[in-house]
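Notes to accompany the following structure.
We did not get these values from a lab; they are worked out from the coordinates using the rules stated. What you are looking at is a predicted structure, and each value in this text was computed from that prediction instead of being measured. Virtual Cβ from ideal backbone geometry, glycine too; neighbours counted across all protein chains shown.
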Amino acid sequence: MISPYTGKEMQVVHETRTWNFRGEDYEYVHTSYRCEDTGELFTTCESDNAGYVQVTNQYRIKYGIPFSDEIVAIRNRYGMSASKMSAILGIGANQWRLYENGEVPNVSNGRMIRSIMNPKVFLDLVESARQVLTDKEYETITEKVETVISQSKEYHTDSYERKRIFSTVRGQENGYSPISLSRLKAVLLTVLNECGEVFCTKMNKLLFYIDFLSYQQRGMAITGLAYRAFDYGPVPDRWDKVYSEFDEIHQESRLIGEYEGNVLVAESTLDDNILSEEEKKIIHIVCERFKNSSSREISDISHNESAWEKYHETHARIPFSEAFYLKAI
């Protein structure tokens, strides 16, 4: 960021601060920019929002309040408009849309929204709201919800598959990222489309930098994975399962000198609508930075990160607060 006083590039400053949100104090890492000549600190809309997201993530987890992407997914699951969801829940005409756009529900509304992830609970609410619906709306909605109920085994199966890949629930240990196989696949395919075939060792580091850079800039990671510091650098938990999960990605053996390893190769293109433009930009930044780095080179680079230096001896999970101290990107 350029100083408005001197026109010089300003120094990035990360410091732990406390934010009082709804009467409670939450710690977060505040990002600002210091003018070298005046000492004045500046922030951007992006850095302010990243701080807000860090705080509200903690609040959502503490009180069991769904995240914005989960609120969007609930509505999409039932095939309804935001205004109609507001009417059925009795929360005000535009409130559901505000929640989708990032406003944090109060505890009672948040828990009510979480409860309707269960389609049987939602069907009861639809019955209670019968008088605010037209006959056609009532028939259409109940038919859709009953279809979702009949497909409940599919959701159970998907939940089981997610548990095979993701080692933790959504929260601090995975950077508050959504737990989603389709999103994880989209990230892998995006990386492979940008970088070509990638050794597994290198992919481990690329995913680490993608998630930690995303947390630094947005207050939220992308893939849903948690990370540990091993001998060759940061590694996603269950990385071997991650790379063998998707039919669109396969592994091939390659020999470089005396070293034999597996490379990941994309079998298809990705669904371009799964990731946001902001997420795609972060992936592109990381791929551009390390596209021409070998597995050995990116491993050596990752060994200079405090995320690896602090935790490689214990192989403990790396906290996402380390995102604010990245050196390589």
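Residues of segment 184-220 falling in the label zone of ASN49, defined by backbone nitrogen less than 20 Å from a point 7 Å along Cα to beta-carbon, are 210-220. Cross-link pairs exceeding 29 Å between alpha carbons, from the set LYS62/LYS120; LYS163/LYS291; LYS185/LYS327; LYS205/LYS280; LYS241/LYS291: LYS163/LYS291. Taking other residues whose beta carbon is less than 9 angstrom from the beta carbon of ILE65, and scoring Lys, Arg as +1 and Asp, Glu as -1, yields +4.
Here the contact order of the chain, divided by its residue count and restricted to Cα pairs under 8 Å and six or more residues apart, works out to 15 percent.
Here LYS144 is the anchor, and the aspartates and glutamates within straight C-alpha reach of less than 15 Å, apart from those fewer than 8 places off in the same chain, are ASP124, GLU127, ASP135. Using only alpha-carbon positions in the chain, the gyration tensor eigenvalues give semi-axes of 37, 28, 17 Å once each is multiplied by 5 and square-rooted (largest first). Which of rounded, prolate, oblate describes segment 158-287, given a ≥ b ≥ c as roots of the alpha-carbon gyration tensor eigenvalues and a/c under 1.5 marking rounded, otherwise prolate only if a/b is larger than b/c? Cα axes put segment 158-287 in the rounded bin.
Summary: within the chain, the longest segment free of trypsin sites (Lys or Arg not before Pro) located in DSSP loops with at most 12 other C-beta atoms within 10 Å is 23-326. Taking Cβ atoms as reference points and 10 Å as the exclusive limit, the residues near THR142 contribute a net charge of -3, counting Lys and Arg as +1 and Asp and Glu as -1.
Taking the centroid of alpha carbons for each part, segment 1-58 and segment 189-219 are 25 Å apart. Oblate is the label for segment 252-329. Its Cα gyration tensor axes, ordered a ≥ b ≥ c, give a/c of at least 1.5 and b/c at or above a/b. Once you order the gyration tensor axes a ≥ b ≥ c over the Cα atoms, which shape class does segment 7-81 get: rounded for a/c under 1.5, otherwise prolate or oblate by comparing a/b with b/c? Oblate. Positive contributions from Lys and Arg (+1) and negative ones from Asp and Glu (-1), summed over other residues with Cβ under 10 Å from the Cβ of LYS8, come out at -3. Extension gain for GLU146-ASN94 works out to 16.1 nm (0.36 nm per residue, less the C-alpha to C-alpha distance). For ASN273 and SER81, a Förster radius of 30 Å and the Cβ-Cβ distance give a FRET efficiency of 0.95, rounded to the nearest 0.05.
Could you tell me the distance between the Cα centroids of segment 78-157 and segment 233-268, to the nearest Å? After rounding, the separation between the Cα centres reads 41 Å.
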